[in-house]
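Colleague: Before we start, here is the structure in question, set down as structure tokens.
The values are calculated or read from the model by the stated rules, or taken from the named source; none is laboratory data. Since this is a predicted model, take the numbers as computed values, not measurements. In this analysis, Cβ positions are derived from the backbone assuming ideal geometry, glycine residues included, and neighbour counts consider all displayed protein chains. We work out accessible area using only protein heavy atoms, side chains counted, and drop any ligands, DNA or RNA first. Shrake-Rupley method; radii C 1.70, N 1.55, O 1.52, S 1.80 Å.
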Amino acid sequence: MLIPLETLAIFIPTALALNMTPGNDMLFCLGQGIKSGPMAGNAASFGIATGALIHTALAGLGLAALVAAHPVALDVLRWAGIAYLVWLAIGAFRSTDQRLKPAQTKRSSAFTAWRDGIVVNLLNPKIIVFVLAFIPQFVDASRGSVLLQFLIFGLILNIGGTIINCLVGSFAGKIGQVLSRSAKIARAFQIATGCIFLGLAAKLAFDRK
């Protein structure tokens, strides 16, 4: 058997515990849900999952290890991620005109939220470090394809994370849909979304652990 049941019995609850820990991905889905509704919140979570699977595949192929070994490459990724989050924040703030009506609020389509989720995840170098530090503890090269094991563990990790992020994005989106019937609250939501994205950018900039 490629992955023993006893290994899965340890990996799955550990992965779920990690998935339930609030982090950048969860906050990003929260922000998209508040800004654009449940569909965008769910799409953002699937974008995050897509990016995470790409990270996992690169780690399995050994490419991520090469990037992690070069601090300059990690810094380039980190600052690109910061710039992208700031750009998203500016886009949210620009929709905060005093005459804004709920129907005029600039919302992200499901595709845009999915795409942004991928970009935000791929440009977070901490994901590379996490994948290289966590998943290899459960991989056993003597049992077969290391890449396939990486992908299986990454898929399991992503299923749990996607479910939790979808719940967060849906909840935020439904609350947002109800409250955004007020123009003032719609404006406040846009500001809140921009602040969330700026907060994520600041966290990525100053959290060097």
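Colleague: Toward the positive end of the charge dipole of the chain, about the Cα centre and with charges on Cβ (Lys, Arg +1; Asp, Glu -1), which of L200, L123, V72 goes farthest?
Modeller: L200
Colleague: Take the Cβ-Cβ distance between A188 and Q137 as r, set R0 to 45 Å, and report the resulting FRET efficiency rounded to the nearest 0.05.
Modeller: 0.55
Colleague: Now, a different point. What residue among A80, A52, A92 has the largest mean-square fluctuation in a Gaussian network model of the chain, using Cα springs under 10 Å?
Modeller: Result: A80 has the largest fluctuation of those listed.
Colleague: Using only DSSP helix segments of four residues or longer, with each worth -39500 (n - 2.57), what per-residue ellipticity at 222 nm results for the chain after dividing by its residue count and rounding to 500?
Modeller: Computed ellipticity for the chain at 222 nm equals -26000 deg cm²/dmol.
Colleague: So which aspartates and glutamates can K126 reach, going by Cα to Cα under 12 Å and dropping same-chain residues fewer than 8 places off?
Modeller: D25, D75, D207
Colleague: What is the Rg over Rh value, at two decimals, for the chain, using alpha-carbon atoms and the Kirkwood definition of Rh?
Modeller: Rg divided by Rh gives 1.03.
Colleague: Let me ask you something else. Compute a Gaussian network model of the chain, connecting alpha carbons closer than 10 Å, and tell me which residue from S108, S170, S142 fluctuates the most.
Modeller: Greatest mean-square fluctuation among the candidates belongs to S142.
Colleague: Another question, then. To the nearest 20 debye, what is the magnitude of the charge dipole of the chain about its Cα centre, counting +1 on the Cβ of each Lys and Arg and -1 on the Cβ of each Asp and Glu?
Modeller: The calculated dipole for the chain is roughly 1040 debye.
Colleague: Probe of 1.4 angstrom, ligands and nucleic acids ignored: what's the accessible area per residue over the chain, in square angstrom?
Modeller: 51
Colleague: In whole percent, and with a 1.4 Å probe on the protein chains, what portion of the accessible area of the chain is carbon and sulfur?
Modeller: 72
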